[in-house]
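Worksheet: one structure, shown below.
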Amino acid sequence: MDSKGILEALSTSHLFSELTEAQMDRVRRHSHVTDMVEGESLFFQGDNATSFYLVLSGRIKLFRVSPDGKEKVVEIMETGATFAEALMFMDEPHYPVTATALSPSRVIGINCKDFKSMLRESVDTCFLLLGKMSFRLRGLIHEIDTLSLDTGTVRTVAYLLHHSTPDKDSFELKIAKSVIASRLSVKPETFSRILKNLHEREIVSIDGRNVTIHDRDAMISLCSG
């Protein structure tokens with residue numbers, strides 16, 4: 001990807017959209033593009049954090065591994081998403097998660113140290129960035145509430161609704177069911193039972209990764225009840 005392509009990609013991200021032309025060029029000069037194959041890791045939990053990232057294409061799984069070796073998916077980052085940007089504000093930061101490609105992916109890595117130096121030079125830019133990061137924090141707090149207060153069935157139904165469109169009842173799950181289960185904080189066997197129950201109630205049907213919604217109103221009622 002050439003310099004123009006990197007600038008165009010950066011300008012589409014909410015995190016960089018209000019930077020000046022000179023600031024954008026500076027970010028570009030301290031950025032690098034990485035192409036990843038499915039299953040390849042960008043960094044590992046505990047590695048020194050030198051860059052934060054913007055997803056240009058594909059899907060990146062962010063996950064932690066517990067002391068007993070169990071994997072917990074924290075987030076799935078898709079095209080246009082940024083991640084690890086908050087680490088630039090820490091002294092000697094380390095990545096708290098591992099980042100692995102779920103499909104062939106391309107990301108832009110932005111140098112944390114230089115970006116932080118740029119923020120020091122512009123209070124206005126710093127406040128703009130903090131505002132955008134605060135908006136994302138509110139979303140994470142809402143997600144914590146969902147994971148802690150809602151049942152596995154509600155979380156599953158909400159996930160399916162989120163990945164469907166009102167005018168289309170059939171869609172494909174883009175990631176493996178085991179990854180979705182971890183993302184929703186349910187065991188894979190529990191996730192399978194929930195899907196089976198929804199199928200038996202003729203609310204949805206699942207064929208491999210293909211999902212068909214038969215009763216959207218019932219799904220909405222489950223989420224709101």
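Of the options G208, I220, V186, report the single residue whose Cα projects farthest towards the positive end of the charge dipole of the range 150-224 (beta-carbon charges: Lys, Arg +1; Asp, Glu -1). It is V186, whose Cα lies furthest towards the positive end. Comparing M90, M77, M118 in a Gaussian network model of the chain where C-alpha atoms under 10 Å apart are linked, the largest mean-square fluctuation is found at M90. Labels on offer are (1) 144; (2) 108; (3) 164, and the one holding volume of the Cα convex hull per residue in Å³ computed from this structure is (1).
A protection proxy built from the mean count of other Cβ atoms within 10 Å ranks the segments 174-183, 60-69, most packed first, as 174-183, 60-69. Per-residue Karplus couplings for the range 88-100, computed as 6.51 cos²θ - 1.76 cosθ + 1.60 with θ equal to phi - 60°, are listed in order as 5, 8, 9, 7, 6, x, 10, 5, x, 9, 9, 10, 10 Hz, Gly and Pro entered as x. Positive end of the dipole of the range 3-138 (Cβ unit charges, origin at the Cα centre): among M88, F63, S51, the Cα lying farthest that way belongs to F63. Summing Lys, Arg as +1 and Asp, Glu as -1, what charge do residues with Cβ under 11 Å from the Cβ of L173 carry, L173 excluded? Combined, the nearby Lys, Arg, Asp and Glu give +1.
Between E21 and D2, residue separation times 0.36 nm minus the direct Cα-Cα distance comes to 5.1 nm. For the chain, a simple Cβ point-charge model (Lys and Arg +1, Asp and Glu -1, everything else neutral) yields a dipole of about 280 debye relative to the Cα centre.
Could you pull out the pairs from K4/K61; K116/K177; K70/K168; K72/K132; K4/K70 whose alpha carbons sit more than 32 Å apart here? Over 32 Å apart, Cα to Cα: K116/K177; K70/K168; K4/K70. Expressed per residue, the C-alpha convex hull volume of the range 7-104 stands at 101 Å³.
The simple Förster model, with R0 at 45 Å and r as the Cβ-Cβ distance, assigns L130 and D215 a FRET efficiency of 0.55. Label sites at F171 and E75, each approximated as a point 7 angstrom past Cα along Cα to Cβ, lie 2.0 nm apart.
Measuring how big the range 150-224 is from its alpha-carbon positions, Rg and Dmax come out at 11.1, 31 Å.
PRE reach from S57 (point 7 Å along Cα→Cβ): which of the range 20-46 fall under 14 Å by backbone N? Only 34-38 pass the distance filter.
Since every read-out is calculated from the coordinates, none of them should be taken as a lab result. These figures come from a predicted structure and were not determined experimentally. Methodologically, a virtual Cβ is constructed for each residue, glycine included, from the backbone with ideal geometry; neighbour enumeration extends over all protein chains shown.
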